[in-house]
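Below is one structure, written out as structure tokens; the observations come after it.
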Amino acid sequence: QVQVVESGGGLVQAGGSLRLSCAASGLFFSWYTWGWFRQVPGKEREFVAEISWNRGGTDYAGSVKGRFTISVDDAKKMVYLQMNSLNVEDTAVYYCAAAKMISPGRSSPQYDYWGQGTQVTVSS
């Protein structure tokens, strides 16, 4: 049974930092592309970042590039999202997701497994 569990969300002031973690089990972790998405009420789920299955490349949404960093620890089966210089617009529920596809792109339907999400709230 595949499990994906995010943690690390919380309340932070604008300009601050948070590090989200994602623990995975029940799958061959190192075979998957891993991504982070976020969603606010009333809006579609939005791509944030992705790291390729071979860990050779990353992709970021323009709104977070230069501020967020995705990384994985294959040995620990963990995915991380380091978020710096947070602003109010980063407030959302953040989801970790795994894709069997080599190149799922920024499309959430191409991801196969999802966590339950973790709330990030940035105050002004």
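Worth a mention:
- Yes/no for M83 being among the aliphatic types (A, V, I, L, M) and under 11 Å from W36 (Cβ atoms): yes
- Within the stretch 28-46, the set of residues being in contact (Cβ under 8 Å) with a residue 24 or more places away in the chain, farther than 16 Å from I70 by Cβ and assigned to a loop (DSSP other than H, G, I, E, B) comprises V40, R45.
- Among residues of the stretch 1-27 that are surrounded by fewer than 16 Cβ atoms within 10 Å (Cβ to Cβ), none has a Cβ under 6 angstrom from a residue that is among the acidic types (D, E) at a sequence gap of 6+ or on a separate chain.
- When each of S71, S63 is tested for being among the small types (G, A, S), in a strand (DSSP E or B) and open to solvent by 30 Å² or more (accessible area, probe 1.4 Å), the lone residue that passes is S71.
- Filter result for W53 (within 19 Å of T118 (Cβ to Cβ) and either surrounded by 13 or more Cβ atoms within 10 Å (Cβ to Cβ) or basic (K, R) (or both)): no
- Near pairs, Cβ below 8 angstrom, 6+ apart or cross-chain, from the stretch 91-106 (within 18 Å of C22 (Cβ to Cβ)) to any residue that is among the acidic types (D, E) and outside any strand (DSSP E or B): A97/D112; A98/D112; A99/D112; K100/D112
The values are calculated or read from the model by the stated rules, or taken from the named source; none is laboratory data. Owing to the predicted nature of the structure, the values given are computational and were not obtained by experimental measurement. Cβ sites come from the backbone with ideal geometry, for glycine too, and all protein chains shown count toward neighbours. Just so you know, the surface numbers come from the protein's heavy atoms only, side chains and all, with ligands and any DNA or RNA stripped out. Shrake-Rupley method; radii C 1.70, N 1.55, O 1.52, S 1.80 Å.
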